Structure formats: C-alpha cells, structure tokens
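Q: Before anything else, here's the structure in question.
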Amino acid sequence: MTLGCNSQAQNKMFEKEEKKAIKFMESQIAEIYNNQFKTEFIGTFHEFGKIYGFQFYIVENDEYPIAVVYNLGNQSPFEFDKQRFDKEYQAIKAKVRASEALEKDIRVYYPKARAISDRIENSDGTFRWVNTIYSAIPLKKEKEKTFAELDSLCSLLIKKNNDQEVIYNFYFPKVTDKTKYTDNRFSFFEFENFNQKHIHHYRIDFEKIGEQFKINNKKLYDNLNDEQSERLKESIKKWKSENGFENWEISLLIESSTERDLEFKKFMLKSSDGEKKFGLIKLETKELKFEK
C-alpha cells in the first residue's frame, strides 16, 4: 500500500476525495477542540487506484507543539475517533514530560544533551522504559571510566522508576557538537536525521530484582556511515588482492563488547568453500591485523 505524500499536487485523481477528507477533519477538530489544534494533511493511502484512507497531523497551537499522526479511514460517512486521538495525545504528552525531566537531569553531566524517554508496553502487559540520550560530546578514550560514571548516574536516575525494566542508550558523536538545536525533539531523533550524528552507542539494561534494579546487560556499538565503511572495505580489498585472497568476500562485523578497542573495526573474509578469516582494521591508519 502506498502513502502519497503531498498527494494533492501529485495525484490529481484523488483531489476530490482528499478535499472532502480535509474538510471533514478541519470541521471535526474545530468543533470538538476549538482552537486547541489545527490539522495538516500528509497524504493518501492508496493501491491500484483505490483509496483506503488519509493521513493527517493534528498539531497543537502552541510554541512547542505536539503533533499526533491520525489515520482517517476512507468510509461513508467519515468517522473521527475522538477516544483514540485523545489516548494518543495524552501518551505523547506524558512522553514529552518524561523526556524533558530526563534531559534536565542529564544536562547536569552533558550540558548540550538531548533526550527522549519512552514507556513501551511489553507483550505480557508489563512496561519498559527506553531512554535515548544524545551526549553531544565524543566518547573519551578512557571509555571504562566513562561507562562507570554512566552506570552510576543511571543507577541514581532509575530510583524514580517503578517499572520492571529500564534501558538507557547513550549516543556519542565523533567530535564535540556545538550546534544549537531548535527543532522538535522527535524530529531530531528520527532515524534518517539522527543516524548521521553519532559514531558510538553505549547501552545499559536494568532489571528490577526484588526491590532493587540491577544491570543485566551492557553493550557498545559503533555506527560508521556508508563512506567510512566503503573506505575500510577498499583497504581490505587492496590487501586481499595483494595476498592471494582475491575471490574472498568482505564483511564488516557488528561487535557489542564494551572491552573492545574502538580504534579498530572487526571484519571477516570468507572463501567460496566457506572458510573464514577474521581480522581487525584500524579506523584512522587502515592498518590490518588478523586472528591466528
């Protein structure tokens, strides 16, 4: 199924139906909520020329507005589900309040940090908190000290929590980020935007055992962009061509150990008959070394 964004300009065949949907949503929001919200049309859900629904932002009239994505089904007559919208709006409000509180706490340690705190329901009906924190400063070489400090910090912050599981994700850029961000925090953390901002990701998982939270998992990931990955692969390709491994496949590997050397990236060479050779390549100098 396709969502045609800016559909009025791109899909003239849907223009009449879209105008009806827009008029309906605008009248409903004005009638129910007065001037509290406004609507913004996003696009039309359609497939093989058939319309299945319409998507809107319902946006607060506020300096820092909350925007709720609302899907309107294509039916006659249209129906606006106030209960569904109100539930989603209150959930986002709670998420904003929790995120602002987390950001305030974190900025004592990372003054330029941005944060999102999200309470997510598990399949068994319990809840977990997933906290996403952009530090705006690089991960220090003495990373063990940084991790110990973050573990202690999170152990303090978590005392305010009553759920069974809490996850903290800290993201670190390659160089200090001095940008003064003014965009919406949710836009800031959208994948396509945020994925370009960090190179390291430290994750700490807490689980409540009895009355106390305990760390049950810690991981460290790197996040190389496509250009960085390609440069590493080109260096490995050159080495294997010069050393009799021309037809071996190259794979850059994902590692999560907090003890690994961040100056190196692990990779694997694989022959056509399945033989594997593991090595490390230094990010800056492209120096290679192999496991024996």
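Q: Can you run down the residue pairs with Cβ atoms below 6 Å, 6 or more apart or on separate chains, where the first is in the stretch 260-277 and in contact (Cβ under 8 Å) with a residue 12 or more places away in the chain and the partner is open to solvent by less than 80 Å² (accessible area, probe 1.4 Å) and hydroxyl-bearing (Ser, Thr, Tyr)?
A: Filtered contacts from the stretch 260-277: 268/251.
Q: Determine, yes or no, whether residue 189 is over 30 Å from residue 67 (Cβ atoms) and either over 21 Å from the mean Cα position of the chain (by Cα) or open to solvent by less than 70 Å² (accessible area, probe 1.4 Å) (or both).
A: no
Q: Suppose the filter is more than 19 Å from the chain's Cα centre (by Cα) and surrounded by 11 or more Cβ atoms within 10 Å (Cβ to Cβ); does residue 159 pass it? Walk me through it before giving the result.
A: Values: more than 19 Å from the chain's Cα centre (by Cα): yes; surrounded by 11 or more Cβ atoms within 10 Å (Cβ to Cβ): no.
So residue 159 does not fit the description; no.
Q: OK, next. Being touching a Leu at 6+ places or on another chain (Cβ under 7 Å) and small (Gly, Ala, Ser) is the filter here, so list the residues in the stretch 107-163 that pass it.
A: Those that are touching a Leu at 6+ places or on another chain (Cβ under 7 Å) and small (Gly, Ala, Ser): 115, 117.
Q: When the stretch 251-288 is examined, which residues are found to be open to solvent by 90 Å² or more (accessible area, probe 1.4 Å) and part of a strand (DSSP E or B)?
A: Selection gives 276 alone.
Q: Could you grab the pairs with beta carbons closer than 8 Å, sequence gap of 6+ or different chains, first residue in the stretch 182-211 and under 22 Å from residue 254 (Cβ atoms), second one open to solvent by 30 Å² or more (accessible area, probe 1.4 Å) and of a type in the set (Asp, Glu)?
A: As it stands, the answer is 199/222; 200/222; 201/222; 205/165, since those pairs meet every condition given.
Residue-by-condition table, conditions (1) under 22 Å from the mean Cα position of the chain (by Cα); (2) crowded, with 18+ Cβ neighbours inside 10 Å; (3) part of a strand (DSSP E or B):
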| residue | (1), (2), (3) |
| --- | --- |
| 52 | no, no, yes |
| 70 | yes, yes, yes |
| 88 | yes, no, no |
| 93 | yes, no, no |
| 97 | yes, no, no |
| 100 | yes, no, no |
| 104 | yes, no, no |
| 131 | yes, yes, yes |
| 141 | no, no, no |
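Q: Let me ask something else. Here are some residues: 214, 218, 208. Which one is modelled with pLDDT under 95, open to solvent by 60 Å² or more (accessible area, probe 1.4 Å), within 30 Å of residue 157 (Cβ to Cβ) and of a type in the set (Lys, Arg)? Write out each step before concluding.
A: On the way: 218 fails: modelled with pLDDT under 95; 208 fails: open to solvent by 60 Å² or more (accessible area, probe 1.4 Å).
Every option except 214 fails the conditions.
The values are calculated or read from the model by the stated rules, or taken from the named source; none is laboratory data. Owing to the predicted nature of the structure, the values given are computational and were not obtained by experimental measurement. All Cβ positions, even for glycine, are placed from backbone atoms using ideal geometry, and neighbour counts span all protein chains on display. Each accessible area value is taken on the protein alone, full model and side chains, heavy atoms only, with ligands, DNA and RNA left out. Shrake-Rupley method; radii C 1.70, N 1.55, O 1.52, S 1.80 Å.
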